[in-house]
Amino acid sequence: MTFIDEGTIAAISTPFGTAGIGKIRVSGPAALELAERVFRDKNKKKRDFKGSKSHTVHYGYVVDPGKKKIADEVICIIMKEPNSFTGEDVVEFDCHGGMVPLKRVLEILLQNGARLAGPGEFSRRAFLNGRIDLSQAEGIIDIINSKTKKGLDLALEHLGGKLSSKIEDLKEQIIIMLAHLEAAIDFPEDEIEGFNSEETGEKLDKIRREIKGLLESSNQGKIYREGIKTVIVGKPNVGKSSLLNVMLEEKRAIVTEIPGTTRDIIEEYINIDGIPLKIIDTAGIRETEDLVEKMGVEKTRESLMKADLILMMLDINQGVTEADLEIYKMVKEKPVIIILNKIDLSSQINDQEMKKYFRRHSILKISIKEQKGLKDLKTAIMDEVLNEELKSDDEIMITRTRHRDALIRALEALKRVIVTHDNGLPYDFFTIDLKDCLNSLGEITGETLSEDIIDKIFSEFCIGK
């Protein structure tokens, strides 16, 4: 949705539910006037917010002007343009946190000139008014959705402009090169200072290496931001729910000796060295006449199709059965860790048999009952999902698919420029691909992105942000 009507917007900016404080945010050209209309100080007097200093705090009440009735006791914060988050006049009301007072205050604001904000509209206005670029705006939603400290740190870096600064530096290098090229095209008889074929080749290769370095971080960055969808699968009663409980360090799933206890999908997040793992405990796969259990097994099959990592559990006391091999056929093309549980009992599986059946994947022996091998499991998970060297904390990391795709297009355009340069073709051939590279980089910060895609990005935000 494109926000055509700028106007003055208002929305509740804190989660629904009971809390000590709830915040309502107002932004737009009439924000101060609207606040004057509905706010009364502790002496029940109006305040001159237009004449007040910016970034001041006022204690009082929100009053329905028509009924002269107090809606809530509030703290009112005034922030004048351009020094606010949106770049517009902004007023924030800190109300009591229950939904009844919050909704009542919002209703009064909407009845007196504001309109309800759309999803992400405050952040969108900050973007349109030049307060943040698009990658910084995406950093906001990533902060809200972060599931680990590492994910939060990366989101804060993006909000702080670390990625934006790097992209601007790359763009600046290309713009300078384009200026030299166009000068050389327009004035072929003149020697352009600081511009020759050898230097151009070196500069192109430097930019290529920098873009390639950013791209190399994208797999790792995506994992930190989105996490790994990890499905625990196996026959009934091999210890799947027990593994979920021990990884969560709480009794989340029901564990009994009765096969088929788990009939629905159980999903929880855990944190392993900064990586969010969405652990999914599934119904044991077996042939059954029980309708509910059948539905659970079908959900298990659906989860396997979408999984990033499979933890396939076997009971070491039962040996490798036909049912185990049937399950393995379903998952063997994905990243899989084979887990032999119940090593506290007598083993019916030998190592040669395991290598024969599961030679393509890591095999671990554990005992959930005796808490053995669980640290090795966490290490194996890290090795499976991060098959590259960890980036240091000071390196920029690409976390979004949109940024990665734009960098791929930028790199492809730059490679075409390098081929053109190496073949000694005229400068005219350079400029088109260099501009393509520049446009692709501009998509990351939103400078060259189409309006409908920008709208789609902000539509993913919550209302009030």
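Below, the figures for the structure above:
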{"item": "Condition check for ALA380: of a type in the set (Gly, Ala, Ser), part of a helix (DSSP H, G or I) and within 17 Å of ILE272 (Cα to Cα)", "result": "yes"}
{"item": "Strands (runs of 3 or more DSSP E) wholly inside the range 1-64 containing at least 2 residues that are in contact with a Cys (Cβ under 8 Å, 6 or more places away or on another chain) and either farther than 17 Å from SER123 by Cβ or free of Cβ contacts under 8 Å to residues at least 24 places away in the same chain (or both)", "result": "21-27, 56-64"}
{"item": "Any hit, the range 297-309, residues being surrounded by 16 or more Cβ atoms within 10 Å (Cβ to Cβ), modelled with pLDDT of 85 or more and either over 34 Å from the mean Cα position of the chain (by Cα) or not in a loop (DSSP other than H, G, I, E, B) (or both)", "result": "yes"}
{"item": "Residue satisfying condition, being surrounded by 20 or more Cβ atoms within 10 Å (Cβ to Cβ), assigned to a helix (DSSP H, G or I), of a type outside the set (S, T, N, Q) and not assigned by TED's automatic domain parsing to the domain that holds GLY118, within set PHE458, PHE429", "result": "PHE458"}
{"item": "Residue in the range 145-167 that is under 13 Å from LYS465 (Cα atoms) and within 11 Å of the chain's Cα centre (by Cα) present", "result": "yes"}
{"item": "Boolean, ASP351 is free of Cβ contacts under 8 Å to residues at least 40 places away in the same chain, within 30 Å of HIS158 (Cβ to Cβ) and loosely packed, with under 13 Cβ neighbours inside 10 Å", "result": "no"}
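The values are calculated or read from the model by the stated rules, or taken from the named source; none is laboratory data. Owing to the predicted nature of the structure, the values given are computational and were not obtained by experimental measurement. Counting neighbours? That spans all protein chains shown, and the Cβs are built from the backbone with ideal geometry, glycine included.
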